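One structure is given here, and the rest of the page talks about it.
The values are calculated or read from the model by the stated rules, or taken from the named source; none is laboratory data. Being a predicted model, the structure only gives us computed values, none of them experimental. No Cβ is skipped: glycine too gets one built from the backbone with ideal geometry, and neighbour counts run over all protein chains shown.
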Amino acid sequence: MLAVLPQAAGLEKSWNLSGTPGNGDVALLSALVTQLTATECADPARVVITGISDGGDMAVFAACAMPGRFRAVITVAASINPRAACHPIPIVAVHGDADPVDPYRGKPAPPGYAATPPAAAAIAAWAALDGCRTAATTRVAPHVAVTRYPCGVQLVTVNGGGHTWPGGAPANPSLGVTSSEYDATAKILAQTDS
């Protein structure tokens, strides 16, 4: 397995989610996937894109901009609706319902940014894009519920979880609780093998 962790550029370290022609961030990610499959023995059929917060938004943006390049998208602490150019793709959204930065129930758009849709509504929109509308929710741990759609779309709700990576090292306390009941990294690895 290869894990590649590109960093957004600029003073504010933010990704370009504008959809303008010649988007440098999309070009960078496309070139990166091309290079890894050509020189590092990465299997082009098993590439999964993921990210936390704005990185999760960029993962979705890139998957929509590069149809067929990724097996799946996994977002953590991010909620984004599919855009008009998006195509069906399996997506897993892992979101704490006590996230103070990207609230689980959504938030209006701050200046210069898009609104954050409620996590359940956003994942339902992805499921509709992928061709399914009904879901089943099961509790997989005392504070973790998974809503699964039959087309490979899932919402993992971490009750009490913050703007953090479940299963990772605890983050700044101002970002909320980091759950140890769910492992987001293991989910990514499972998507590359499925």
*the stretch 125-152: number of residues that are free of Cβ contacts under 8 Å to residues at least 12 places away in the same chain and either of a type in the set (A, V, I, L, M) or closer than 15 Å to Ser179 by Cα (or both)*: 3
*Do you know which residues across the stretch 148-170 are within 20 Å of Asp57 (Cα to Cα) and out of contact with any Phe, Trp or Tyr (no Cβ under 7 Å at 6 or more places or on another chain)?*
Gly152, Gln154, Leu155, Thr157, Gly161, Gly162, His163, Thr164, Trp165, Gly168
*Note down all Cβ pairs under 6 Å where the first residue falls in the stretch 104-123 and is in contact (Cβ under 8 Å) with a residue 24 or more places away in the chain and assigned to a loop (DSSP other than H, G, I, E, B), the second is among the hydrophobic types (A, V, I, L, M, F, W, C) and surrounded by 15 or more Cβ atoms within 10 Å (Cβ to Cβ), and they're at least six residues apart or on different chains.*
Tyr104/Ala119
_Test set (1) crowded, with 19+ Cβ neighbours inside 10 Å; (2) among the hydrophobic types (A, V, I, L, M, F, W, C); (3) touching an Asp or Glu at 6+ places or on another chain (Cβ under 6 Å); (4) farther than 19 Å from Cys64 by Cα - Ala141 fails condition number_ = (1)
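Return the only residue of Leu5, Leu28 being of a type in the set (A, V, I, L, M, F, W, C), closer than 19 Å to Thr164 by Cβ and surrounded by fewer than 21 Cβ atoms within 10 Å (Cβ to Cβ).
Working: Leu28 fails: closer than 19 Å to Thr164 by Cβ.
Leu5 is the lone residue from the list that is of a type in the set (A, V, I, L, M, F, W, C), closer than 19 Å to Thr164 by Cβ and surrounded by fewer than 21 Cβ atoms within 10 Å (Cβ to Cβ).
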_Failed item, numbered, when Leu155 is tested on (1) closer than 22 Å to Gln7 by Cα; (2) in contact (Cβ under 8 Å) with a residue 40 or more places away in the chain; (3) outside any loop (DSSP other than H, G, I, E, B)_ = (1)
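In this structure, does Arg105 turn out to be at pLDDT below 95 and not hydrophobic (A, V, I, L, M, F, W, C)?
Numbers: at pLDDT below 95: no; not hydrophobic (A, V, I, L, M, F, W, C): yes.
No; evaluated as a whole, the condition is false for this residue.
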*Among the candidates Thr34, Thr20, Thr50, single out the residue that is exposed (fewer than 15 other Cβ atoms within 10 Å of the Cβ), more than 22 Å from Cys132 (Cα to Cα) and either modelled with pLDDT of 90 or more or touching a strand residue (DSSP E or B) at 6+ places or on another chain (Cβ under 6 Å) (or both).*
Thr34
_I need the full set of residues from the stretch 177-188 which are under 14 Å from Ile52 (Cα atoms) and either surrounded by 21 or more Cβ atoms within 10 Å (Cβ to Cβ) or not aliphatic (A, V, I, L, M) (or both), in order please._
Thr178, Asp183, Ala184, Thr185, Lys187
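Quick one: count up the residues across the stretch 118-137 that are among the aliphatic types (A, V, I, L, M) and over 17 Å from His87 (Cβ atoms).
Here is the first cut: in the stretch 118-137, the ones among the aliphatic types (A, V, I, L, M) are 119-125, 127-129, 135-136.
With over 17 Å from His87 (Cβ atoms) added as a condition, the list becomes 119-121, 124, 135-136.
Going through the stretch 118-137 one residue at a time, the tally reaches 6.
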*In the stretch 73-102, how many residues are touching a residue at least 60 places away in the same chain (Cβ under 8 Å), closer than 18 Å to Gly152 by Cβ and buried (at least 24 other Cβ atoms within 10 Å of the Cβ)?*
7
*Kindly indicate the residue of the stretch 112-128 that is surrounded by fewer than 19 Cβ atoms within 10 Å (Cβ to Cβ) and closer than 24 Å to Asn16 by Cβ and also farthest from the chain's Cα centre (by Cα) among those meeting that condition.*
Gly112
*Only one of Ile74, Ile52 is closer than 19 Å to Cys151 by Cα and among the hydrophobic types (A, V, I, L, M, F, W, C); which?*
Ile74
*Just checking, how many residues over the stretch 33-62 are under 21 Å from Pro118 (Cα atoms) and part of a loop (DSSP other than H, G, I, E, B)?*
1
